[in-house]
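Heads up, the thing below is written out as structure tokens.
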Amino acid sequence: MGWGSTTYPPGTTTLDAFAAEYAGGTEILAAAVADGVVYAAVRHPEVFNGKVVCEVSLYTRESRNGDLWIAFKHMGETMGPNADAAPAKVMDLLDPVEEAYDTAIQRQTAQAWRDRVTTARATRAARKAALPSPGGTATVQAGLDLTPDLSGRTGTVVRTTRKYATLRIDGDLYRLPHALLDLDTTPEG
């Protein structure tokens, strides 16, 4: 399937537009937006034995001449989408692939995608847990050629983002990539 776009009134949310795309028979039990993708637990009464499956839809939003254009590329989990950030609130509602799909290839592809989502969720959780915590300490790895020379120095974590930590070392603030830090996330004090 290709991309389809429609104009919507300004202020329309992506999920409202997604629901409008499925008006007329398809029941949306839960939906969420993550990383430019809509993930939805849906029941198509006439398809998939009436079971709940995952719909994965890439989307774009664009304003043109005062109109809001939202385009979707709809895929099902049997199409093996690359997107794998479906939240638990969607995944927990899905029926087993054995009940939803009639062919072995559909069951295999859907199960492989679901397994990939589970693995990706665990990987994201582990990365988040490994981030330096504000109030903890981190040491700049030794042997780095930095100006000023922070190599081997320890500071207090003031702020953290997905890729960077801001450290206070001797009263000055430094924003450094996590990859350059050895972490001790035990709060000082």
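Nothing in this text is a laboratory measurement; each read-out follows from the coordinates by a stated rule. Quick caveat, the model's predicted, so the values are computed rather than measured. In this analysis, Cβ positions are derived from the backbone assuming ideal geometry, glycine residues included, and neighbour counts consider all displayed protein chains.
Quick one: helix 104-129 against the long Cα principal axis of the chain, what's the angle to the nearest 10°, folded into 0 to 90? Tilt of helix 104-129: around 20 degrees. Taking N as the residue count of the chain, its C-alpha radius of gyration divided by 2.2 N^0.38 Å amounts to 1.41.
Normalised by the number of residues in region 4-129, what is the relative contact order in percent for Cα pairs under 8 Å and 6+ residues apart? Here the relative contact order equals 23 percent. The order of 63, 57, 5, going from fewest to most other C-beta atoms within 10 Å of their C-beta, is 63, 5, 57. Sorting 164, 39 from the fewest to the most surrounding beta carbons within 10 angstrom yields 164, 39. Net charge dipole, the chain: roughly 320 debye, given to the nearest 20, about the Cα centre with Cβ charges of +1 for Lys and Arg and -1 for Asp and Glu.
Per-residue packing, averaged as other Cβ atoms within 10 Å, sorts the ranges 11-19, 67-75, 145-153 into the order 67-75, 11-19, 145-153, beginning with the highest.
Each peptide in 168-174, 123-129, 80-86 gets a packing score, the mean of other Cβ atoms within 10 Å over its residues, and the list from highest to lowest is 80-86, 168-174, 123-129. GNM on the chain, alpha-carbon springs under 10 angstrom: the most fluctuating residue among 121, 61, 175 is 175.
Computed over region 4-112, the P(r) curve from all C-alpha pair distances, binned at 10 Å from the origin, holds 15, 46, 29, 9, 1 percent per bin. With Cα atoms defining each centre, region 156-182 and region 74-113 are spaced 40 Å apart in the structure. Averaging the sequence gap over all C-alpha pairs within less than 8 Å and six or more residues apart, then dividing by the number of residues, gives region 137-184 a relative contact order of 37 percent.
When the chain is described by a simple charge dipole with +1 on each Lys and Arg Cβ and -1 on each Asp and Glu Cβ, the residue from 22, 181, 161 located farthest towards its positive end is 181. Largest GNM mean-square fluctuation across 31, 165, 120, computed for the chain with C-alpha springs under 10 Å, falls on 165. By the count of neighbouring beta-carbon atoms within 10 Å, fewest first, 79, 91 end up ordered 79, 91.
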